[in-house]
Amino acid sequence: MGEIVLIRHGQTEWSAAGRHTSYTDLDLTGDGERQARAAGERLAGRSFAAVISSPRRRALRTAELAGLTVTETTEDLAEWNYGEYEGITSATIHETRPGWSLWTDGAPGGESPEEVATRVDRALARARTFLDGGDVALIAHGHSLRVAGARWIGLPASGGGLLKLGTATLSTLGFEHGNEVIDAWNA
C-alpha cells in the first residue's frame, strides 16, 4: 500500500505577508520557486501512481518545478475559501473580531470548516483509489492540507489548526497496523 505525500506550494507574496489567499491566483516568488525545486530534490527517486493538484497557478508551478507531472487537478484541493477575508491577515481580522478563528468560525462569505472537510475528504478518497498502485502526491495549500492531515487521522477540520505547515514542505500520510497515521509532517 502506498503513501500520500502532501506538498504545499512554494511561497507567494501573500503567503510571505500572512495574507489569506484562496481564489486569488498568485505566482510564486523567487524564493517560492527555489523552495519548489528543493522539494523536488527531496522527492528524487520517488515515483507516484498519481499526482493530483489544486488548479491554482502556485500549486501547478510548484509541481512543475519539483519535477512532477500532474495527472489531474481538482477544486477539492483548492485553498479554504476565505470569502470577505481574502487578502487580509489574521491580525487585521482580529482588530474587529478579536476571538475569531478560521478553524472554528470559518470565513464570512466563504467556507465553513465542515465545507472544507467535505471536499478534502473527497480528495483523500480519490487519492486512496491509487494507493494499491503506489504513492500519491497531493499538491495544494496550507490550510487545505492541514485539514487533510487532520481528516486522515480522524479529527474534524478544526484539528488542522494544530498542524503547522510551511511553504513547499512535504508531509506523509500512511498506515500503521491498518490505522491511518501521519508518518511525517512539515518536513
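The values are calculated or read from the model by the stated rules, or taken from the named source; none is laboratory data. Nothing here was measured: the structure is a model prediction, and the numbers come from that model. Using ideal geometry, Cβ is built from the backbone for each residue, glycine included, and neighbour counts are taken over all protein chains shown. Side chains are part of the model used for accessible areas, which takes the heavy atoms of the whole protein and leaves out ligands, DNA and RNA. Shrake-Rupley method; radii C 1.70, N 1.55, O 1.52, S 1.80 Å.
Here is a list: Leu145, Leu124, Leu163, Leu138. Which entry is of a type in the set (A, V, I, L, M), open to solvent by 10 Å² or more (accessible area, probe 1.4 Å), closer than 24 Å to Gly10 by Cβ and modelled with pLDDT of 95 or more?
The conditions single out Leu163.
For the list (1) assigned to a loop (DSSP other than H, G, I, E, B); (2) open to solvent by 40 Å² or more (accessible area, probe 1.4 Å); (3) among the β-branched types (Val, Ile, Thr), I need the number of the one condition that Thr24 fails.
(2)
Could you grab the pairs with beta carbons closer than 7 Å, sequence gap of 6+ or different chains, first residue in segment 44-59 and within 25 Å of Ser15 (Cβ to Cβ) and without any contact (Cβ under 8 Å) to a residue 24 or more places away in the chain, second one of a type in the set (D, E, K, R) and open to solvent by 40 Å² or more (accessible area, probe 1.4 Å)?
Hits for this filter: Pro55/Glu75.
Residues of segment 74-104 being in a helix (DSSP H, G or I), over 15 Å from the mean Cα position of the chain (by Cα) and aromatic (Phe, Trp, Tyr), which ones?
Tyr85
Leu77 passes all but one of (1) touching a helix residue (DSSP H, G or I) at 6+ places or on another chain (Cβ under 6 Å); (2) farther than 19 Å from Glu3 by Cβ; which number fails?
(2) is the only condition that Leu77 fails.
If only one of Thr96, Thr69, Thr74 is surrounded by 14 or more Cβ atoms within 10 Å (Cβ to Cβ) and not hydrophobic (A, V, I, L, M, F, W, C), which one is it?
Within the list Thr96, Thr69, Thr74, the selection yields Thr74.
Could you tell me how many of the residues in segment 93-128 are in contact (Cβ under 8 Å) with a residue 12 or more places away in the chain, within 18 Å of Ala50 (Cβ to Cβ) and not charged (D, E, K, R)?
Of the residues in segment 93-128, 4 are in contact (Cβ under 8 Å) with a residue 12 or more places away in the chain, within 18 Å of Ala50 (Cβ to Cβ) and not charged (D, E, K, R).
Name every residue in segment 36-63 that is out of contact with any strand residue (DSSP E or B) (no Cβ under 8 Å at 6 or more places or on another chain), outside any loop (DSSP other than H, G, I, E, B) and not charged (D, E, K, R), in order of residue number.
Ala38, Gly40
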